[in-house]
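Report on one structure; see the data block that follows.
The values are calculated or read from the model by the stated rules, or taken from the named source; none is laboratory data. These figures come from a predicted structure and were not determined experimentally. Note: accessible area is taken over every heavy atom of the protein model, side chains too, but ligands, DNA and RNA are not part of it. Shrake-Rupley method; radii C 1.70, N 1.55, O 1.52, S 1.80 Å.
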Amino acid sequence: PIAERGLTIDIAGSLAEGDLTWDRPSANCGFASPDRVYDFYRVTNATGADQQLTVTAAWGGDSYLHVFNDPFNPIDPAGCIIGNDDFNGIGGSRLTDVEIAAGQTLVIVASSFGANSFTGDYTIDAAHTRLGFVARHAMVTKVRGQFKEFSGTAHVDPATPANSKVDITIAASSVDTG
């Protein structure tokens, strides 16, 4: 839930083959493209006042964002408020100034562009990616940290998973636990 104005809410997830599929609306909530995978997230405004949301997706593939009124029904896109196409993975999916009334729940839906959009080569966008870790110290406390310098690529081949691979290079000297 949105507890106070100005907060950033990070929602982690991924689109993968085997996820639920739906007939994804276009960026303007119009015609639908069949058999696209999706994940959805509910956001409730618990601030007691009307707010505006900015929703930004940090993904490397070609995907869409949509916002729906709750309850969300993937079979009926009538509740679609706004959508966005990231233009082949280069434009970035961002929805700005999305109105959410006090007490209202909206549903953010992330979905793939194509039915087979997971095959291909990807580069990690380090500016929009966090490579973090948690380590337990003396079984009492957790130490959290991240690496500030890294790069990587991935090749995804769902038809032949053995051909898929990920290569990541991490500068160990860039570790930050502060």
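What is the extension gain from ILE170 to TYR41, computed as 0.36 nm multiplied by their sequence separation minus the C-alpha to C-alpha distance, in nm to one decimal? Mind dumping the intermediate values first?
Values: separation 129, 0.36 × 129 = 46.44 nm, distance 3.10 nm.
Length difference between fully extended and current span is 43.3 nm.
Quote to one decimal, in nm, the extra length available between ASP157 and ALA32 on full extension: 0.36 nm per residue of separation minus the C-alpha distance between them.
Details: separation 125, 0.36 × 125 = 45.00 nm, distance 2.59 nm.
Result for the pair: 42.4 nm of gain on full extension.
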Just by accessible area at a 1.4 angstrom probe, what is the order of LEU53, LEU20, LEU65, LEU131 from largest to smallest? LEU20, LEU131, LEU53, LEU65
Probe 1.4 Å, all protein chains in place: accessible area of HIS66 in Å², nearest 10? 0
Derived scalar couplings ³J(HN,Hα) [the stretch 95-112; Karplus, 6.51 cos²θ - 1.76 cosθ + 1.60; whole Hz; x for Gly, Pro]: 10, 10, 6, 7, 6, 9, 6, 4, x, 6, 10, 10, 10, 9, 10, 9, 9, 7
Kindly provide the pair-distance distribution of the stretch 17-77 built from C-alpha pairs, with 10 Å bins from 0 and whole-percent values in order of increasing distance. 17, 49, 27, 7
Just to verify a number: what accessible area does PHE133 come out at with the full protein assembly present, 1.4 Å probe, Å² rounded to tens? 60
Nearest-10 value in Å² for the accessible area of ASP35, using the 1.4 Å probe: 90
